[in-house]
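Some notes on the structure that comes next.
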Amino acid sequence: MYENICYKKPFLKEVIFRIDFPSPIEGLGSNLPRTISKLALKKFPISEPQKVQAQSFKISATNVESQKKETTQWVFHGKNRNKHLTIIENAIIFSYKKYKSYENFIEETKDIVDEFFKKYQKLSVSRVGLRYVNIIELNENDPLSWEEYINEGMSGVIDFYGNKNNITRSFHILEYNFDGQSVKYQFGIANPDYPAVVKRKHFVLDLDSYFNGAIEQNEIYECTERAHDKIQDLFEKSITDKTRSLMVPEDE
């Protein structure tokens, strides 16, 4: 129902696409293959590798040993630092603050992901996740009144105790399992001024969909497609037509 909806002024703050591997890729903590680096720099031209301390534990029947090692996170940024790519030993993470469309986003990530599988031919995936963080920010006097903008079933708890003026936060978590597709939905009034009482009109809609298990390369973007569809469906069911008009649908 909502697959073709796009907005000119969305309340979207960040999109995160993450691929996890079941174990660290040998050597990746000290050296990033040139072919991967070259592709990354085409779309993320600012390179800022970061040294980090990693800790591991070896457990035996009689002892627990702790080992520390220095490893590198390969961090790349877009020209205006509105998008980021982070490569660590066991994951690839794309993060975008400026987002045009799902199709454009996937096109920007696919070459880099495919190159990983060319370079590491025995590579397998243990988790694929897609997350959309929306924050509706409005300049209105009543920061706790959301009936005109949000599905009424999502904010009813605000009236539970009676005196709303003492509320410092009203935040909720719903988790779903749709035939192996997990969705964690965090929503509500997070309050950027917490623990002070709520003064600013902000409402968070944070949708995170992910798949766990043995995932093949050709299944990665099938997972993201399903994740995107479910996230969009839940998001559209969470808002009202007044909110849609504020975001300005693309066909208007």
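Here is how the numbers come out for the structure above:
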{"item": "Residue with peak Gaussian network fluctuation, the chain [Cα springs, cutoff 10 Å], from 147, 107, 65", "result": "65"}
{"item": "Gyration tensor over alpha-carbon atoms, the range 105-252, equivalent ellipsoid semi-axes in Å", "result": "36, 17, 14"}
{"item": "Gyration tensor verdict on the range 187-252 (Cα atoms; rounded if a/c is under 1.5, prolate if a/b is larger than b/c, oblate otherwise)", "result": "oblate"}
{"item": "Environment charge of residue 94, counting only residues whose C-beta is closer than 11 Å and scoring Lys/Arg +1, Asp/Glu -1", "result": "+3"}
{"item": "Residue with peak Gaussian network fluctuation, the chain [Cα springs, cutoff 10 Å], from 106, 189, 87", "result": "106"}
{"item": "Computed helical MRE - 222 nm, the chain, DSSP H runs ≥ 4 contributing -39500 (n - 2.57), nearest 500", "result": "-7000 deg cm²/dmol"}
{"item": "Formal net charge of residues neighbouring residue 71 (Cβ-Cβ distance under 11 Å; K, R +1; D, E -1)", "result": "+1"}
{"item": "The chain: most fluctuating residue of 48, 236, 70 per GNM, C-alpha cutoff 10 Å", "result": "70"}
{"item": "Stokes-Einstein D in µm²/s, Kirkwood radius over Cα pairs - the range 1-46 at 37 °C with 0.692 mPa s viscosity", "result": "223"}
{"item": "Spherically averaged projected area in nm², based on the convex hull that wraps the Cα atoms of the range 81-142", "result": "6.5"}
{"item": "Cut-off under 5 Å, modelled amide H: who pairs with residue 125 long-range", "result": "215"}
{"item": "About the Cα centre, charge dipole magnitude for the chain (Lys/Arg +1, Asp/Glu -1 at Cβ), debye", "result": "1260"}
{"item": "Label-point separation, residue 163 to residue 8 (7 Å along Cα→Cβ), nm", "result": "4.6"}
{"item": "Stokes-Einstein diffusion coefficient of the range 1-158, Kirkwood radius over Cα pairs, 37 °C, 0.692 mPa s, in µm²/s", "result": "175"}
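Read the figures in this text as sums done on the coordinates, not as results from a lab. Predicted model, so just to flag it, every value in this text is computed and none were measured. Counting neighbours? That spans all protein chains shown, and the Cβs are built from the backbone with ideal geometry, glycine included.
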